[in-house]
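Report on the following structure.
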């Protein structure tokens, strides 16, 4: 009931000029950073929050072009630091490094020279493998089982919607585990669902990862920059000091090998405050990283730490009206105002 009311209210407000006016009056010096993952021609067989359709992506980019100045990541952060953002400005980012970033998203971006940054899970680039949660989605898409049991939980798999809910619950539980244990459990899950955990991810699959040729072409365009997203998509707070340093260094070096350019930008896997710490930030600085991005939602101001930049996650369940309110900081600021008892806190 509450969610339906919010969606109806969002549609009404989005049809007015309130979000744009609010942005100019209350947040004109604050930066919007949006985070995408996969962009697909068609919906997935089993929905996943991280994958949106080409149609949705095109509409969102057109909206940003119309109402924002879209900047490259380094230019935007540079302006933010010296107070030179005076009107709505946005940065477009992608996490993981799916081939569809090149096949589907890049033509939309390159048509009007729209800059973006892609953060690569470098251990999967140029391979037939994919991120572990992609394996879950594929196994659930292919399984003939009508239910699945794990850790005392029983999941109904009778419909695509139920499979999507199962995938979301499994992902949220598995990401809490140390990486090697996660991968071991993942293999047993996939086998139980009747799939092959080592099957090659075919060309054309939404879960196919970028190859070096596509990366080279995007880098040569001058509008796409690349950053690191670890080597295996490990959540850094789950690793020992040595493992964490290795994940970071391997990924940074691989970005250089793939692009021929120094890697200066980093996105934390999962990206919540509990997924990294001050030692992680110091490791990144030691490796030459100049700015790092979280998945913490909200606007960026000159006070936002450059190693903890905020992003708005764009997922499959986000209606266009809510996208508009989000990128103008209307959602975060108004709800922040309500929660804080009338005082907006940065």
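The values are calculated or read from the model by the stated rules, or taken from the named source; none is laboratory data. Only a predicted model underlies this, so the values are computations on that prediction, with no experimental measurement involved. Cβ placement follows ideal geometry from the backbone for every residue including glycine, while neighbour counts extend to all protein chains displayed.
Tell me the helices (runs of 4 or more DSSP H) entirely within region 1-111 that contain at least 3 residues that are modelled with pLDDT under 95 and surrounded by 21 or more Cβ atoms within 10 Å (Cβ to Cβ). Even if it seems obvious, please write down each step before you answer.
Values: elements: 2-14, 18-26, 54-67, 73-81, 106-111.
Once the helices (runs of 4 or more DSSP H) in region 1-111 are filtered for at least 3 residues that are modelled with pLDDT under 95 and surrounded by 21 or more Cβ atoms within 10 Å (Cβ to Cβ), nothing remains.
May I ask you to verify whether residue 216 is surrounded by fewer than 16 Cβ atoms within 10 Å (Cβ to Cβ), touching a residue at least 12 places away in the same chain (Cβ under 8 Å), at positive phi and more than 21 Å from the chain's Cα centre (by Cα)?
no
Residue under question is residue 253, and the condition is that it be part of a loop (DSSP other than H, G, I, E, B) and over 20 Å from residue 34 (Cβ atoms); does it hold?
Working: part of a loop (DSSP other than H, G, I, E, B): no; over 20 Å from residue 34 (Cβ atoms): yes.
The answer is no for residue 253.
Of everything in region 227-242, what is buried (at least 16 other Cβ atoms within 10 Å of the Cβ) and not in a loop (DSSP other than H, G, I, E, B)? Give them in sequence order. Write out each step before concluding.
Step one: list which residues in region 227-242 are buried (at least 16 other Cβ atoms within 10 Å of the Cβ), which gives 227-239.
Across region 227-242, the qualifying residues are 227, 228, 236, 237, 238.
Of the residues that sit in region 299-313 and are surrounded by fewer than 21 Cβ atoms within 10 Å (Cβ to Cβ) and in contact with a helix residue (DSSP H, G or I) (Cβ under 7 Å, 6 or more places away or on another chain), which one is farthest from residue 119 (Cα to Cα)?
302
Scan region 254-280 residue by residue and report those that are surrounded by fewer than 18 Cβ atoms within 10 Å (Cβ to Cβ) and more than 19 Å from the chain's Cα centre (by Cα).
256, 257, 260, 261, 262, 277, 278, 279 - these are the residues of region 254-280 that are surrounded by fewer than 18 Cβ atoms within 10 Å (Cβ to Cβ) and more than 19 Å from the chain's Cα centre (by Cα).
State all residues of region 127-147 that are in contact with a strand residue (DSSP E or B) (Cβ under 8 Å, 6 or more places away or on another chain), part of a loop (DSSP other than H, G, I, E, B) and more than 21 Å from residue 270 (Cβ to Cβ); if no residue qualifies, say none.
127, 146
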